[in-house]
Structures are given as structure tokens and as C-alpha cells.
Amino acid sequence: MLAELGDDAKLLAGGQSLIPLMKLRFANPSHLVDLNFVSGTSYINEDNGTLRFGALTRHAEIESSAVAGKIPILHDCAAGIADVQVRNRGTIGGSLAEADPSGDWATVLFTLAVDVRCIGTNGKRTVSVSDFIKDAYTTDLAQGELVSEVAVKIPPKGSGGAYLAFKRSAPVYPTASAAVQLTMSGDVCQDAAIALGCVGLIPIRVKDAESVMRGQPLSEKTIASAMEAARNAADPQSDMRGSAEYKRTLVGALVKRAIDIAVRRARGEQVEATHIYA
Amino acid sequence: MPDNVENISINFKVNGKPYSRSVEPRKLLVELLREDLDLTGTHVGCDTSYCGACTVLMNGAAVKSCTMFALQADGADILTVEGLERNGELHPIQKAFGDCYGLQCGYCTPGLMLAALQLLSQNKKPNEKEMRKAIAGNTCRCTGYQNILKAIQVAGQNMKGA
């Protein structure tokens, strides 16, 4: 159907980004193909160490899912997106395919081993999430292709993660956000993945922070170096949400707080992570 | 936009009453409710998906009716503020908003009551954090929210017997 309608057609998932964009005339498609009536596109399955999310699984379904709760950072993300009304409609596949630089899912999924399964006129294929997000509002999807499933590998035992965003109010996009996933062995950090959101055209992996932490006990000094690396890796724009300098300072603080929660969760503690509202 | 877009027939329920309508594909759900069905209790505040004044329940879930197409309600069961009252009796949530002074100008009130109703349908004794989370998508510029929180709490208590 997409091939038939051509370039001017857009897919409608939850519509919580696309419909506002259409009202502003930033998006002006001639045709909308509503995916909401396609059955079997909303599910959460656990399969051999992997959680599989149907593309049209709503944020609210992920928020309330005990299975999804096995990866706490996914719950942080789902439960913190906008407000109840948006979470009842918005979908994980739609959010990824929209690739909004301020979106939450891509930032979180950049810290995990994630396959995005795509289906199109040329058949099925699988892309890692970091290869899927190409640029602001640009993905690896070809014309006539769509996301069918997001498959997230469950992190190993001793792993913990947290996602924190700083927001002016619930319905708005975050000013900045940080996702941290750590694997601990006692006090030593075996592995680390850190991603920043809203401070670049796509989520930014902070490789320098990860290498500073890997193999080290997470002393105050190590964490300070990770914060510094995050501030340097951020590439923010000054806008109505804050100056570039402000956002740099902010991501450092968010990384620090997210590391603290991730470490405690890696130890098996139940910690609630809540976004910070201005 | 293409020139000749055909209307699409949909069947849905609003406040328990079944409807069949032929709608333009671009029509929003809130426009269907207000303009075609004369149910003007559902308000349009910001029209950008921020304020929540247009909140209705669709199959029990709070949604912003300005951020959905009408035809997406095909087969759905919609509850608007007009459907809260039963046989001339105000719904406990309506009564509580009045009794607790949970409103001033009233513009945001229908949306707030329906957002609160989704919460109360799952949890009749919500704590403050749960209440604040449930109404985070609804903006009120008059009350400062304190009395709205009181109203939700009282409504939960009064819905117990109901």
C-alpha cells in the first residue's frame, strides 16, 4: 500500500507526534496509513533472554508490564513519557521511526543491545538501534518499509540501569536526558553504556565516560570524570528550554544521578527513578 | 491534500449511545464530539496536545481527543463529561469537584475529571504522587491544583460504595 501511495504517504502509529506536527503544517502528507487497526502489532513477549515489543505497543502497556519491568530502565522511559493521555496512545515503534532528537526511547535503547526488526516490500531485515537512527527525524527505513518489532536483550545479572530526564512540565519534551546501564561486579564496574538525549541530533553515546568507568571502582573521582566526559560529549543548542551551557551542566548532573540509581539497581535494590521537573 | 477525499463511515458509542457517522478523514475526534454531536463539554484549549482540556475516555483510557482522528474511534466506546451524570444525579467526581472548590473558571474541569476517572477506576485511594502523575497532562491556570487533588481524593472515597 505504501509503495502504491508513494513518497507522500505517512504511517500513523500512536499519532502523538505526527498529528501535532501536521497541525503545525510541519508534516503535510497526502495520505495517512493508520496502523492502529492492524492486529497482532501490540505485544510484549519474553523469548530466550530477549524482550520483544510489537511496534504498536503503547508506552502505557510497557509502563504497566511486569515482563518489561525486568529491564528497569525501560520502565523509567515508558512511565516518564509526557502524560497519561500520550502514553495511552503513543507507541515504541512510532517513537523510534519518528526519530525526534528529543524523543525518549532512542536514548534509552542506545544503552542496550537492541535489534529493530523492519518489514517492507523487499522482505524482513534486522538493524541495530544505533544503525537505525541516522539523523534528526531520519531513520534507516526505506520507502515502503516499517518497524515491526523492537527486540531488547535482557542485560546480564549484576546489571542495572536508569533513565532520567529534566523537564519543565510533563507534556513537553525534556530539556536534556541521560540513560545509564552498568554491569557491576562487587564495587567494580565491568561494563558501562551511557547515552544522552536532547543534546544532539541523535542520542549521543559517551564513549569517554564508559572507558573511564570500565574496570574501575566507581569512586567520586571516576564519577566526576564520567560527568566531565558527558558535558564534553554533549552538543546542545541554545533554545527556549535553556542555553547550551546550561544543558551541558545539566547532562553532567543527570549522568551522576543516573549512575547512582543504576549502581543500586545492579545490587538488586528496588529504586524508583523519577524524572526531575523544573 | 488530494482533491476528492471520500468520507469514511464509522460506528462508535458515546456515553453509552451508539452512533453511525460518515466523517472526513482529517476530522479530529474533538471536532466530531463538539460539532457533529453537539457535545460541547469537551473543550479545545491549546490544540497542540499540551493542555488536556480535550481529554475523554476511550475504552476506559484517557486520550486527548484533539490528537486523534475521529475515524480512529471506529468501534470505540467514548465517555465525555456529559456521560458522567446518571438520572439527574451528579457523578461522585463532579460532586467532589464542586464540594472541594476544585474549579474556578471551569475550562479545564471536564478534562481533569476524566483524567482523574481513569486513575480512580484503577485505584480508589491514590496518594498525592499518584494523583499528580495522573493529572500531569492537564493544565489548570486558576486553582493551583490543591483543591483538585482534594476533590480526586474525596471522589475516590465516595465512589467506593458506587
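The number of residues in the range A:60-79 being within 14 Å of another protein chain (Cβ to nearest Cβ) and in contact (Cβ under 8 Å) with a residue 40 or more places away in the chain comes to 1. Scanning the range A:128-148 for residues that are closer than 22 Å to A:PHE53 by Cβ and either of a type in the set (D, E, K, R) or within 14 Å of chain B (Cβ to nearest Cβ) (or both) gives A:ASP131, A:LYS134, A:ASP140, A:GLU145.
The residues on offer are A:ALA82, A:ALA99, A:ALA151, and the sole one that is modelled with pLDDT of 95 or more, within 14 Å of another protein chain (Cβ to nearest Cβ) and either closer than 27 Å to A:VAL38 by Cβ or surrounded by 16 or more Cβ atoms within 10 Å (Cβ to Cβ) (or both) is A:ALA82. Within the range A:166-204, restricting attention to residues that are part of a loop (DSSP other than H, G, I, E, B) and farther than 30 Å from A:PRO20 by Cα, the residue that is nearest to the other protein chains (Cβ to nearest Cβ) is A:ASP187.
Let's see how each residue does on (1) within 20 Å of the chain's Cα centre (by Cα); (2) in the same structural domain as A:PHE110 (by TED's automatic domain parsing):
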| site | (1), (2) |
| --- | --- |
| A:ASP131 | yes, yes |
| A:LEU141 | yes, yes |
| A:THR175 | yes, no |
| A:THR183 | yes, no |
| A:PRO203 | yes, no |
| A:THR222 | no, no |
| A:MET240 | no, no |
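Being closer than 30 Å to B:TYR19 by Cα and either within 14 Å of another protein chain (Cβ to nearest Cβ) or touching a Phe, Trp or Tyr at 6+ places or on another chain (Cβ under 6 Å) (or both): is that true of B:GLY88 here? Criteria not met by B:GLY88. Only a single item in (1) buried (at least 24 other Cβ atoms within 10 Å of the Cβ); (2) closer than 28 Å to A:MET213 by Cα is not met by A:THR183, and it is number (1). In the range A:54-107, of all residues being among the hydroxyl-bearing types (Ser, Thr, Tyr) and assigned to a loop (DSSP other than H, G, I, E, B), the one that is nearest to A:ILE204 (Cα to Cα) corresponds to A:SER102.
Among the residues of the range A:33-49, just one is touching a Phe, Trp or Tyr at 6+ places or on another chain (Cβ under 8 Å) and crowded, with 17+ Cβ neighbours inside 10 Å, namely A:ILE44. Considering B:TYR145, B:TYR101, B:TYR107, the condition of being surrounded by 13 or more Cβ atoms within 10 Å (Cβ to Cβ), of a type in the set (Phe, Trp, Tyr) and within 14 Å of chain A (Cβ to nearest Cβ) is satisfied by B:TYR145 alone. Of B:GLN118, B:GLN72, B:GLN157, B:GLN153, all but one fail to be in contact with an Asp or Glu (Cβ under 7 Å, 6 or more places away or on another chain) and either surrounded by 19 or more Cβ atoms within 10 Å (Cβ to Cβ) or in a helix (DSSP H, G or I) (or both); the exception is B:GLN72.
Considered as a group, the residues in the range A:186-196 that are in contact (Cβ under 8 Å) with a residue 12 or more places away in the chain and over 13 Å from A:ALA162 (Cβ atoms) include one that is surrounded by the most Cβ atoms within 10 Å (Cβ to Cβ), and that residue is A:LEU196. Screening A:ASP187 against (1) over 25 Å from A:LEU109 (Cβ atoms); (2) out of contact with any Leu (no Cβ under 8 Å at 6 or more places or on another chain) leaves a single unmet condition, (2). Against the numbered list (1) over 30 Å from B:ARG141 (Cβ atoms); (2) in contact with a strand residue (DSSP E or B) (Cβ under 7 Å, 6 or more places away or on another chain); (3) surrounded by 21 or more Cβ atoms within 10 Å (Cβ to Cβ), A:ARG214 comes up short only at (3). Looking at the range A:3-55, which of its residues are within 12 Å of chain B (Cβ to nearest Cβ) and in contact with a Pro (Cβ under 8 Å, 6 or more places away or on another chain)? Of everything in the range A:3-55, those that are within 12 Å of chain B (Cβ to nearest Cβ) and in contact with a Pro (Cβ under 8 Å, 6 or more places away or on another chain) turn out to be A:ASP8, A:ALA9, A:MET22, A:SER30, A:HIS31, A:LEU32.
The values are calculated or read from the model by the stated rules, or taken from the named source; none is laboratory data. Computed from a predicted model, the values in this text were never measured in an experiment. Every residue, glycine as well, gets a Cβ built from its backbone with ideal geometry; the counts of neighbours run over all protein chains shown.
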